[in-house]
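The values are calculated or read from the model by the stated rules, or taken from the named source; none is laboratory data. No experiment lies behind these values; they were computed from the predicted model shown. When the accessible area is computed, the model is the full protein with side chains, heavy atoms only, and any ligands, DNA or RNA have been set aside. Shrake-Rupley method; radii C 1.70, N 1.55, O 1.52, S 1.80 Å.
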Amino acid sequence: MPALPTDTPTLTGDLVELRPVTAPDVVRLHALMRDPEVGRLTGSVHDDAEPTGDPWTVEQLQEVYARWADDTDRVVWAVVDLGTGQVAGEAVLLDHDPDNASIGFRIWLGGARDRGLGTEATRLAVGHAFDVLGLHRVELEVYAFNPRARRVYEKVGFVLEGTKREALRYADGWVDCHVMGMLAQDWRRRRDRGSPAPGTTPPPPAR
Ligand SMILES: CC(C)(COP(=O)(O)OP(=O)(O)OC[C@H]1O[C@@H](n2cnc3c(N)ncnc32)[C@H](O)[C@@H]1OP(=O)(O)O)[C@@H](O)C(=O)NCCC(=O)NCCS
């Protein structure tokens, strides 16, 4: 299977748009990364006292995102909240393995949580992996202390495949890390069953 194309498409849903990251977006992402919940739930810090946000300056981070934009093993999007027009976080397909037609996924939103944005952004990214890139498998990792993210991934169609025990040290304890995966046939089956397609609002429940 060939490398990924370097042009990052814009994917538009009802609540969010996924689009290539621009240099001004990085200024906002740099600030959003300082959200303590993002630091904790992505495993970037190891206790509540550790400062969140990466150690890079905005300029260094802009160089990182510019490099990522040229990478052929990842697709990096800014997640734009269409309600405010503001960048709310990032969604990334990464570690493309062409021989096995598989790729990883990660997402974070700074603020703007619990309004459905993450679910839709995940559906859009995963739909791109299967429907456009033609991949066979998408996988991700989620810490056991993050039931919200796990719920989002299950809603989209990921299933628990295994658990890396005590993979993260946090404060005085250890946190398990769950590995979740979805296959192209899982995605198609859900689509054919009428699960909401990316960017569509599900119909109201029948009375
Ligand atoms: C994880 C994340 C992307 C989810 O996006 P979001 O926009 O907040 O999530 P949504 O609003 O789309 O959906 C949240 C779902 O989780 C549920 N939920 C919220 N808190 C929950 C909890 N403590 N336990 C179980 N479910 C929970 C909500 O009810 C909702 O499910 P529903 O639609 O069935 O009611 C976002 O919260 C985030 O970036 N968090 C911080 C960083 C992070 O955790 N990144 C993921 C690392 S694996």
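A few comments on the model shown:
- Integer Hz, Karplus 6.51/-1.76/1.60 couplings in order for the stretch 153-166, x for Gly and Pro: 5, 5, 4, 6, x, 6, 10, 5, 10, x, 9, 8, 6, 6
- Protein heavy-atom surface of the chain, 1.4 angstrom probe: 51% of the accessible area is carbon and sulfur, with nucleic acids and ligands not counted.
- Relative contact order, percent, the chain [alpha-carbon distance under 8 Å, six or more residues apart]: 20
- Per residue, the chain exposes 52 Å² of solvent-accessible protein surface, assessed with a 1.4 angstrom probe and all protein chains in place.
- Over the stretch 11-136: Kirkwood hydrodynamic radius from C-alpha pairwise inverse distances, Å: 15.1
- Accessible-area value, Y170, 1.4 Å probe, nucleic acids and ligands omitted, Å²: 30
- Seen from all directions on average, the stretch 58-207 presents a Cα convex hull projection of 11.5 nm².
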